[in-house]
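The block underneath contains the structure these notes are about, expressed in structure tokens.
The values are calculated or read from the model by the stated rules, or taken from the named source; none is laboratory data. Keep in mind the model is a prediction, meaning the values are calculated, not measured. Here the Cβ positions follow ideal geometry from the backbone for every residue, glycine too, while neighbour counts run over all protein chains shown. Just so you know, the surface numbers come from the protein's heavy atoms only, side chains and all, with ligands and any DNA or RNA stripped out. Shrake-Rupley method; radii C 1.70, N 1.55, O 1.52, S 1.80 Å.
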Amino acid sequence: MGLLADRVAIVTGSGQGIGRATALLFSQQGARVVIADIRDDTRAETLRQVTEQGGDGIAVRADVTDPRAATDLAAAAMDAYGRIDVLVNNAGTSWGSTGLDVTEDDWNGIVALNLTGQFNCVRAVVPHMKHRRYGKLVGIASDAGRFLSYGAGLPYVAAKAGVHGMYRRLAEELGGWNITANVISPGNVLTEEGKEYMKMPSMRGLVRDCPMGRWTEPEELASAVLFFASDLSSHVTGSTVSVNGGWHMLW
């Protein structure tokens, strides 16, 4: 039946990369998947792959930086399936300035997508989870928000650090409702965006020093998300798992 049999899971930013890998894995594990992304073409492609492997899903256009769009996303899931069991807050970006020369627009935009967007989606789904006294909240953060930032943009680092703190507080507030809140903290993941980022000269030496000698595949990240989304983690909340081949041990 699978670890997520009969569960309904929203995965934001699931048009590509980590989000797509997560949506496909969840579908393989029996979940009905709500594929949320702002891009029409990539969102449709993820849905095509889900249905091609025999899964059940819907695709919803969602700009998570807009609280109304997050509310509409939750409503679409409820209309289609009548429940929301899992929210994976994956939508985000790593672009932006690295120092204090960051513009106000860059700061606001990156924080809105990487941090506020997660809050918007949590706020939209939690009432439905409370009603059934069950829920799994999984935030995708970054090891740049915990350890050395390896050249990541200042607003990105600040936003991802905020994700870590937000889920610890959510775990405190929601535990009594049987709702868990945990964080996956990637290092460098071989998404299309990640591959471009890793062409930077400053990145070339880091992979040699990584204990496992390579960066993370999106499917490996998705497997860690599955743990927090399933009942294998029924008594785990307020926790963070780094998925980076041991890279974090270098710092």
Out of (1) open to solvent by 50 Å² or more (accessible area, probe 1.4 Å); (2) within 20 Å of Ile184 (Cα to Cα), what's the single condition that is false for Phe26? (1)
Condition first: out of contact with any strand residue (DSSP E or B) (no Cβ under 7 Å at 6 or more places or on another chain) and among the hydroxyl-bearing types (Ser, Thr, Tyr). Now tell me which residues in the stretch 1-50 satisfy that. Thr42
Which residue pairs have Cβ atoms under 9 Å apart, sit 6 or more places apart or on different chains, and have a first residue in the stretch 213-224 that is in contact (Cβ under 8 Å) with a residue 60 or more places away in the chain and within 16 Å of Ser14 (Cα to Cα) and a second that is open to solvent by less than 60 Å² (accessible area, probe 1.4 Å) and among the basic types (Lys, Arg)? Pro218/Arg20; Ala222/Arg20
Collect the residues in the stretch 33-60 that are of a type in the set (Ser, Thr, Tyr) and open to solvent by 50 Å² or more (accessible area, probe 1.4 Å), keeping them in residue-number order. Thr51
Restricting to the stretch 136-162, give me the number of residues that are buried (at least 23 other Cβ atoms within 10 Å of the Cβ) and modelled with pLDDT of 95 or more. 5
Out of (1) on the phi < 0 side of the Ramachandran plot; (2) open to solvent by less than 80 Å² (accessible area, probe 1.4 Å), what's the single condition that is false for Arg68? (2)
Positions within the stretch 215-240 being in a helix (DSSP H, G or I), touching a helix residue (DSSP H, G or I) at 6+ places or on another chain (Cβ under 9 Å) and closer than 22 Å to Leu170 by Cβ, in sequence order: Leu221, Ala222, Val225, Leu226, Phe227, Ala229, Leu232, Ser233
Considering the stretch 200-241 alone, what residues qualify as being modelled with pLDDT under 90 and closer than 12 Å to Pro186 by Cβ? Trp215, Thr216, Glu217, Pro218
Restricting attention to the stretch 1-14, the residues that are at pLDDT below 95 and buried (at least 24 other Cβ atoms within 10 Å of the Cβ) number exactly 0
If Asp63 satisfies every condition in (1) acidic (Asp, Glu); (2) closer than 25 Å to Lys130 by Cα; (3) open to solvent by 40 Å² or more (accessible area, probe 1.4 Å); (4) touching a strand residue (DSSP E or B) at 6+ places or on another chain (Cβ under 9 Å) but one, which is the exception? (4)
If I go through the stretch 96-135 residue by residue, how many of them are more than 16 Å from the chain's Cα centre (by Cα) and surrounded by fewer than 17 Cβ atoms within 10 Å (Cβ to Cβ)? 15
Among the residues in the stretch 49-56, are any under 28 Å from Ile110 (Cα atoms) and small (Gly, Ala, Ser)? no
